[in-house]
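All of the numbers you see were taken from the coordinates with simple rules; none came from a lab. All values derive from a computational prediction rather than experimental measurement. Every residue, glycine among them, receives a Cβ derived from its backbone with ideal geometry; neighbour counts consider all protein chains shown.
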Amino acid sequence: MQDMKQLYLEDIKKTIESFVTIESIKNWTFFITGANGLIGSFLIDILMYLNANNDSNITIIANSRSKEKLEKRFPDYVSDKHFKYYIGDINKPINCDEKVDFIVNCASNTHPVGYATDPIGTIMTNIQGTANVLDFATKCKTAKTIFLSSVEIYGENIYNIERFKEDEMGYINCNSLRAGYNEAKRCGETLCQAYIEKNGIDVSILRLPRTYGPTMKMDDSKALSQFILKAAAGEDIVLKSRGEQYFSYLYVADVVGGILKCLVAGKCGEAYNLGNIESDIRLKDLAEMVAEIAGVKVVYDLPDEKEAKGFSKATVARLDYSKAEHELEFHPRVDIENGVRRTIAVLREKR
């Protein structure tokens, strides 16, 4: 069995081989919000690998509210001239004097407990925070800004749509706590369109399915994340429902690959779904698969009141990503079983 570092390095190398046109991002400066998170941290590792192994001369400005967390997550980069910090909350104006070429806005609560315990922060990060990012993009005259949106903008699938295309929408009950994330992501997309029209900046939108991978945080409360964390610890999988939900999932390396493709080929103002048809699966089948990989059992348990407030009402949310396939040449590499196996292996060794 490969060790943790080898597995992770293999993900980086294969993502670069599959998704990166190296010359197109050489010598650019990236501003990445949510730098410590699941997606932002993997993106930074990709870019720093390109610097070390391809002499790409990419500058990364990693945004976080905590310098200590950045240094803990990226100890090998803190003395590297290509790695810089911007410490600050994006809900406040971004006062960075660097000339930035690309912005990737990854900052957001993305899990149910966060939605329930920090509902105002969840909303404002995706609205006020996004406005601040777009103001910064306007000031910098960036070549491209990427706004990471979510499958959650499609809401409840009341029209029995098999797989959502970018121009199809379900229902969201805006008069509910859980709607804060969905509606804020929708509003963030609309803000992008407003800034494009008024300020002439170049923004593309990526709508992500449920994302997982070895860079996930230990407090991530999404169902699959909890399955994987339990499995890595050798504990039984706890399923908080009957598990009939049918969702799209995507491994973090493929998400970052999609971001890099969109930076180069994404059209201004366009939204693109990402996904992997080989990773569409019902929740109960996903739980059983994770349990089998880890040699544990599935236990059914109803959620407590706090957890339930953060749960999605959607029961079928699968994404049609054919637009990204055709326009971005996005071709996902890792199916759900291989992605889960790799994630469990890395997290098990981390523990």
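At-a-glance table
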{"item": "Spin-label pair Glu270/Gln193, simplified geometry with 7 Å Cα→Cβ offset, distance in nm", "result": "1.7"}
{"item": "D_trans [Stokes-Einstein, Kirkwood Rh over alpha-carbon pairs] for region 1-78, 20 °C, 1.002 mPa s, µm² s⁻¹", "result": "162"}
{"item": "Over 18 Å [Cα-Cα, region 245-292], rounded percent", "result": "44"}
{"item": "Hydrodynamic radius of region 147-300 per Kirkwood, over alpha carbon pairs, in Å", "result": "17.1"}
{"item": "Highest to lowest packing among 208-216, 325-333, scored as the average C-beta count within 10 Å", "result": "208-216, 325-333"}
{"item": "Prolate/oblate/rounded call for region 86-200, Cα gyration tensor, a/c under 1.5 rounded", "result": "oblate"}
{"item": "Percent RCO, i.e. relative contact order, over the chain, from Cα pairs under 8 Å lying at least 6 residues apart", "result": "20"}
{"item": "Taking N as its residue count, the alpha carbon Rg of region 165-225 over 2.2 N^0.38 Å", "result": "1.43"}
{"item": "In Hz, Karplus ³J(HN,Hα) per residue of region 180-195 (6.51, -1.76, 1.60; θ = phi - 60°; x = Gly, Pro)", "result": "x, 5, 4, 5, 5, 5, 4, 5, x, 5, 5, 4, 4, 5, 5, 5"}
{"item": "Projected label distance in nm at Cys174 and Ser66, using a 7 Å step from Cα toward the beta-carbon", "result": "3.5"}
{"item": "Packing-based ranking, highest mean first, of 279-287, 116-124, 250-258 given that Cβ atoms within 10 Å are counted", "result": "250-258, 279-287, 116-124"}
{"item": "5 angstrom amide H check on Lys240, placed H, neighbours 5+ away", "result": "Asp301"}
{"item": "Reachable aspartates and glutamates, given that their alpha-carbon falls under 18 Å from the alpha-carbon of Lys26 and they are not under 8 places away in the same chain", "result": "Glu17, Asp45, Asp55, Asp80, Glu98, Asp101"}
{"item": "Distance (nanometres) between label positions extended 7 Å along Cα→Cβ at Lys14 and Lys297", "result": "3.3"}
{"item": "Per-residue [θ]222 nm for the chain (sum of -39500 (n - 2.57) over DSSP H runs n ≥ 4, rounded to 500)", "result": "-14000 deg cm²/dmol"}
{"item": "Cross-link pairs beyond the 21 Å C-alpha cut-off, checked among Lys141/Lys198; Lys141/Lys267; Lys261/Lys350; Lys5/Lys72; Lys13/Lys185", "result": "Lys261/Lys350; Lys13/Lys185"}
{"item": "Translational D in µm²/s for region 15-130 (Stokes-Einstein at 4 °C, 1.567 mPa s, Kirkwood Rh from C-alpha pairs)", "result": "87"}
{"item": "Largest to smallest principal axis extent of the C-alpha atoms in the chain, angstrom", "result": "52, 48, 39"}
{"item": "Convex hull volume per residue in cubic angstrom - Cα atoms of region 90-152", "result": "78"}
{"item": "Full-stretch length increase - Asn160, Asn338 - with 0.36 nm per residue and alpha-carbon distance subtracted", "result": "61.2 nm"}
